[in-house]
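The values are calculated or read from the model by the stated rules, or taken from the named source; none is laboratory data. Fair warning: this is a prediction, and the values are worked out from it, not measured in the lab. Please note: Cβ atoms are built from the backbone with ideal geometry, for glycine as well, and neighbour counts cover all protein chains shown. Accessible surface areas use protein heavy atoms only, side chains included; no ligands, DNA or RNA. Shrake-Rupley method; radii C 1.70, N 1.55, O 1.52, S 1.80 Å.
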Amino acid sequence: MSRRTPGLYTETFGTGPDLVMIHGWAMHGGVWRDFAGRLAERVRVTLIDLPGHGRSGDLADFSLDTVADALVAAAPARAYWLGWSLGAVLAVASAERHPGRVRGLVLMAGSPRFIAAPDWPGVAPSALERVAQELEANYGATLKRFIGLQTFGLDNARQLVKQIGAALDECEPPAIEALRGGLNLLREADLRAALAHAAGPALAVLGAHDRLVPKEAGAALRALVPGMEVCLLPAAAHLPFATHPDAAAAAILDFIARHERPSR
């Protein structure tokens, strides 16, 4: 089992336009390495473990600005940013603070505001708090149950649970301070204005069965950002990169390819 080292851990592979990938809460970059390998056939992928997650060392301050600055410092000079779940919030924050470093945004099962509001679809605060308590009490069992719910009904559900679980087991569980810091970001961050004013193209890849970032977020994102592209995967939930990798990869690679073409 790999241990954390000072600084943020990164992996880079593939060739082509740069794509930074930021994982979700309580996970690490290894969870989507197989998916990244698909993308790396046409882009140069950089996976970054969040502070206190996976192989990355802790940050004394797990605030939105501090984490975003640390991610940008570890990223290529200019890249597309793909954020999944909590990673989507951090990708938007990075684009707001360092607009010259982010060529475009891909939000996968992610949103600039995670918590539901009267004018925004999201998850109920009580549901988020319940998951947080379960993670602190039993990290391994809670993640296994979460992955099982996201893959339920798929023909290869058992294989996916085993595969993702093995990837997560490469590293020790996240530092408790990092878990709590990530929870605070999910609970408090509202980056709708930042996303609305972000430069560059944007794509959302959503799952129709996602209960954390519901499919209604697609229409809300389009209303917020008129140029936002939305790819809704009809049978996916909160793990589209694992459950529907072909469709998710195709949407992302097509998005990048179209925006890499020189304008006529």
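Residue count for segment 41-62 under the criterion of being of a type in the set (Asp, Glu) and open to solvent by less than 10 Å² (accessible area, probe 1.4 Å): the result is 1.
Of all residues in segment 127-145, those that are farther than 18 Å from residue 185 by Cβ and not β-branched (Val, Ile, Thr) total 9. Within segment 35-61, the residues that satisfy the criterion of being assigned to a loop (DSSP other than H, G, I, E, B), out of contact with any strand residue (DSSP E or B) (no Cβ under 8 Å at 6 or more places or on another chain) and farther than 16 Å from residue 9 by Cα are 41, 42, 60, 61.
Within segment 122-151, the only residue that satisfies the criterion of being in a loop (DSSP other than H, G, I, E, B), of a type outside the set (A, V, I, L, M) and free of Cβ contacts under 8 Å to residues at least 60 places away in the same chain is 138. With respect to (1) over 24 Å from residue 187 (Cβ atoms); (2) open to solvent by 10 Å² or more (accessible area, probe 1.4 Å); (3) of a type outside the set (Lys, Arg); (4) under 17 Å from the mean Cα position of the chain (by Cα), the lone exception for residue 30 is condition (2). On inspection, residue 155 qualifies as among the acidic types (Asp, Glu) and modelled with pLDDT under 90.
The listed residues are 66, 12, 5, 46, and the only one of them that is under 16 Å from the mean Cα position of the chain (by Cα) and of a type in the set (Ser, Thr, Tyr) turns out to be 46.
Looking only at segment 78-117, residues that are small (Gly, Ala, Ser), surrounded by fewer than 19 Cβ atoms within 10 Å (Cβ to Cβ) and either modelled with pLDDT under 95 or not in a loop (DSSP other than H, G, I, E, B) (or both) come to 2 in all. In segment 192-213, of all residues being within 15 Å of the chain's Cα centre (by Cα) and within 26 Å of residue 132 (Cα to Cα), the one that is most open to solvent (accessible area, probe 1.4 Å) corresponds to 212. Taking segment 63-77 as the search range and keeping residues that are small (Gly, Ala, Ser) and not in a loop (DSSP other than H, G, I, E, B), which one is least open to solvent (accessible area, probe 1.4 Å)? Among those residues, the one meeting the criterion is 68. From the list 245, 234, pick out the single residue that is in contact with an Asp or Glu (Cβ under 8 Å, 6 or more places away or on another chain), open to solvent by 20 Å² or more (accessible area, probe 1.4 Å) and touching a residue at least 12 places away in the same chain (Cβ under 8 Å). Of 245, 234, the one residue that is in contact with an Asp or Glu (Cβ under 8 Å, 6 or more places away or on another chain), open to solvent by 20 Å² or more (accessible area, probe 1.4 Å) and touching a residue at least 12 places away in the same chain (Cβ under 8 Å) is 245. Filtered by the rule that a residue be closer than 19 Å to residue 31 by Cβ and out of contact with any Leu (no Cβ under 6 Å at 6 or more places or on another chain), segment 230-242 gives 233, 236, 237, 239, 241.
Tell me, which residue of segment 235-264 that is within 19 Å of residue 35 (Cβ to Cβ) and not in a helix (DSSP H, G or I) is farthest from the chain's Cα centre (by Cα)? Write out each step before concluding.
Here is the first cut: in segment 235-264, the ones within 19 Å of residue 35 (Cβ to Cβ) are 235-257.
Of the ones still in play, those that are also not in a helix (DSSP H, G or I) are 235-239, 244.
Numbers: 235: 19, 236: 15, 237: 14, 238: 10, 239: 10, 244: 15 Å.
Among them, the one singled out is 235.
Residue pairs whose Cβ atoms lie under 6 Å apart, separated by 6 or more positions or on different chains, with the first residue in segment 172-198 and outside any helix (DSSP H, G or I) and the second of a type outside the set (A, V, I, L, M, F, W, C), are 173/139; 174/52; 174/53; 175/52; 175/58; 190/113; 191/112.
Out of segment 1-27, which residues are open to solvent by 10 Å² or more (accessible area, probe 1.4 Å) and part of a loop (DSSP other than H, G, I, E, B)? Before the answer, list the steps.
Going through segment 1-27, the residues open to solvent by 10 Å² or more (accessible area, probe 1.4 Å) turn out to be 1-18, 25.
Correct list: 1, 3, 4, 6, 7, 8, 9, 14, 15, 16, 17, 25.
The conditions of being polar (S, T, N, Q), over 21 Å from residue 174 (Cβ atoms) and touching a helix residue (DSSP H, G or I) at 6+ places or on another chain (Cβ under 8 Å) are not met by residue 94.
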